[in-house]
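The values are calculated or read from the model by the stated rules, or taken from the named source; none is laboratory data. Bear in mind the structure is a predicted one, so any value in this text is a computation, not a measurement. All Cβ positions, even for glycine, are placed from backbone atoms using ideal geometry, and neighbour counts span all protein chains on display. Remember, those area values only see protein heavy atoms, side chains included, never the ligands or the DNA or RNA. Shrake-Rupley method; radii C 1.70, N 1.55, O 1.52, S 1.80 Å.
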Amino acid sequence: MNQQKLNKHISGQFNAELEEVRNQVMVMGGLVEQQLTDAITAMHKQDLDLARSIVSKDSQVNALEVAIDEDCTRIIAKRQPAASDLRLVLVVLKTITDLERIGDAAKRISRMVLDNAEQTQPPLVSIENMGRRAVSMLHQGLDAFARMDLTAAIAVHKQDDQLNRDHESIVRELMTFMMEDPRSIPQVLKVLWCVRSLERVGDRVQHLCEYIIYYVKGKDVRHRSDEDIYNLLD
């Protein structure tokens, strides 16, 4: 094999490795999205069997994170990627960390369902709506990641404002519930932690969008104002 063919062969292998890593991120993202969707359903329907299933499947999310991390480490050591290839590997490493933590949020909600079974329940309708919004935001964020779509990533990034408003409204609602029925305080505190977890899901999806921006534009926009981020489309 001459040098030109060898270089092309190596380049082809490298591209295949990068594509496989991206595919694995989408597999992990799909699993996490399903976990979060099921957790919201388990909370709404008080489905204890579904809640137990979500808790048991968390290990699959963790295993995917470890496997993808190892693949990225191997690519860096073996291929020594540069420029956009290196940015992609770094984006993958950051993304799987946030996905794993979203999986933790789904597990936390499921544990709350199990712990609060047959106890006095605070109103959960608003929390379900917030949860569905968080799932939609995650779904759109993963879709933007699959296409590395800058416009879509910025549009999803903006949606976190509404999730934050949902969070503030629900916290006030739950505080009122506790004051009216002090016996419910232990149960409501667990629900509050879950609402906080959903708010953090929005933050995690924002991170995912910022990683997409970093890959496409080569700019680190963490801790930048929303206006600075949105101006990238101009």
* What residue, among those in region 32-48 that are under 21 Å from the mean Cα position of the chain (by Cα) and of a type in the set (D, E, K, R), is farthest from Gly141 (Cα to Cα)? -> Asp38
* Within region 131-141, is there a residue that is in contact with a His (Cβ under 9 Å, 6 or more places away or on another chain), assigned to a helix (DSSP H, G or I) and closer than 16 Å to Val195 by Cα? -> yes
* Structure fact -> Over region 170-182, the set of residues over 17 Å from Val125 (Cα atoms) and either of a type in the set (Lys, Arg) or open to solvent by 50 Å² or more (accessible area, probe 1.4 Å) (or both) is Met179, Glu180, Pro182
* Structure fact -> Scanning region 153-200 residue by residue, those outside any helix (DSSP H, G or I) and acidic (Asp, Glu) turn out to be Asp181
* To do: Could you identify the single residue in Leu50, Leu18, Leu36 that is modelled with pLDDT under 95, aliphatic (A, V, I, L, M) and either open to solvent by 30 Å² or more (accessible area, probe 1.4 Å) or part of a helix (DSSP H, G or I) (or both)?
  => Leu18
* If you check Pro122 against the conditions, is it within 14 Å of Glu17 (Cα to Cα) and part of a loop (DSSP other than H, G, I, E, B)? -> no
* Asked: Going by the conditions given, is Met26 buried (at least 21 other Cβ atoms within 10 Å of the Cβ), touching a residue at least 60 places away in the same chain (Cβ under 8 Å) and part of a helix (DSSP H, G or I)?
  -> no
* Can you tell which of His139, His167 is out of contact with any strand residue (DSSP E or B) (no Cβ under 9 Å at 6 or more places or on another chain) and either open to solvent by less than 20 Å² (accessible area, probe 1.4 Å) or closer than 30 Å to Asn23 by Cβ (or both)? -> His139
* Taking the residues in region 191-226 that are in contact (Cβ under 8 Å) with a residue 24 or more places away in the chain and open to solvent by 80 Å² or more (accessible area, probe 1.4 Å) as candidates, determine which candidate is farthest from Gln121 (Cα to Cα). => Lys217
* Structure fact -> Those residues of region 42-75 which are closer than 16 Å to Arg101 by Cβ and polar (S, T, N, Q) amount to Ser59, Gln60, Asn62
* Give the residue, chosen from Arg108, Arg74, that is in a helix (DSSP H, G or I) and either loosely packed, with under 15 Cβ neighbours inside 10 Å or free of Cβ contacts under 8 Å to residues at least 60 places away in the same chain (or both). => Arg74
* Asked: Can you tell me which residues in region 84-96 are in contact with a His (Cβ under 9 Å, 6 or more places away or on another chain) and either open to solvent by 10 Å² or more (accessible area, probe 1.4 Å) or of a type in the set (A, V, I, L, M, F, W, C) (or both)?
  -> Lys94
